[in-house]
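Worksheet: one structure, shown below.
Read-outs throughout are calculated quantities, based only on the coordinates presented, and are distinct from any laboratory measurement. Model, not experiment: these values are computed from the prediction. For neighbour counting, all protein chains shown are included, and Cβ atoms are generated from backbone atoms with ideal geometry for every residue, glycine included.
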């Protein structure tokens, strides 16, 4: 059986989706899985042994240029592929649904209209699955795959997951400590309201006995990293990493702290202790708490269908609460 999964972006959402691979292989090791993704995120997928092929698109480029021609060109490149037995659109957006429909398949499946933020995406499927949009995204991903492949899914499976991110090489990090616990703190996110205040990050760093490492992915995050260092001189600012290098780093540390963003969710996928900080996004939906993966949330009431990007309530999370939870996880 050959299936294709469409999950284009963003980094954290792709990571949440990749958990399905090990369960597909557990049920039937002979199933061949291809994955369709935005080019920028190929590195998170390409070394996974449960994926046969990773195919990339650049729909974001077409959107930036407002070019219908480029958009259709991205979709049509797959129209001559050999037919799949099943294509599953796990993204649930109109652009991903259109791509899924262009891929030759006996069945093109996605969530039904009531289960989607962009409900017209369901028009492009010939088989749909119902799951409340507000439900936990990891459980939604597993449930739709279980439905498509006709196997039973139990939520306890998530707690028993194996690490499922893979790197092409083991990066040697000379700033790791052999005597103190190594903690990665992630200051950046996709928009500012998700970000924990820099002064509070420094406050956490200054009261915990650990070797703190700061990572960054763009120029703004780099400036934030060095601002933190000016407030907490002991912190070590790392160089920019490629995605598979970042996987290698996360594997080697003792704890990851960050907001609702891809690198934080890497720790969850790798079974590395983590603390995820939630303000404008819903913690109950965007991760799963385990014995070693915890969340701290603001008191903001969040509507998953209408995220308020001006909700700065994450700043209300207390330094002491993070420090106490970090100490428990490190011990």
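DSSP bridge analysis restricted to the range 193-294 gives an antiparallel fraction near 0%, rounded to the nearest 5. Binning all Cα-Cα separations of the range 1-110 at 10 Å, short to long from zero, yields these whole-percent fractions: 15, 50, 31, 4, 0. With contacts taken as Cα pairs under 8 Å and at least 6 residues apart, the chain reaches a relative contact order of 16 percent. Angle of helix 319-330 to the longest C-alpha principal axis of the chain, folded into 0 to 90 degrees and rounded to 10: 80°. Compute the angle between helix 219-231 and the longest alpha-carbon principal axis of the chain, please, reported from 0 to 90 degrees and rounded to the nearest 10. On a 0 to 90 degree scale, this one is about 20.
Under Stokes-Einstein, with the Kirkwood radius over Cα pairs as Rh, the value for the range 167-236 at 4 °C and 1.567 mPa s is 101 µm²/s. With all pairs of separate Cα atoms included, the range 182-330 yields a Kirkwood hydrodynamic radius of 15.2 Å.
Take each peptide in 191-199, 97-105, 18-26, count the other Cβ atoms within 10 Å of every residue, and average; sorted highest first, the result is 97-105, 18-26, 191-199.
How many percent of Cα pairs in the chain exceed 39 Å?
More than 39 Å apart: 14 percent of the Cα pairs in the chain.
Treating the angle as unsigned and between 0 and 90°, give the value, to the nearest 10°, between the Cα long axis of helix 198-207 and the longest Cα principal axis of the chain. Roughly 60 degrees between the two axes.
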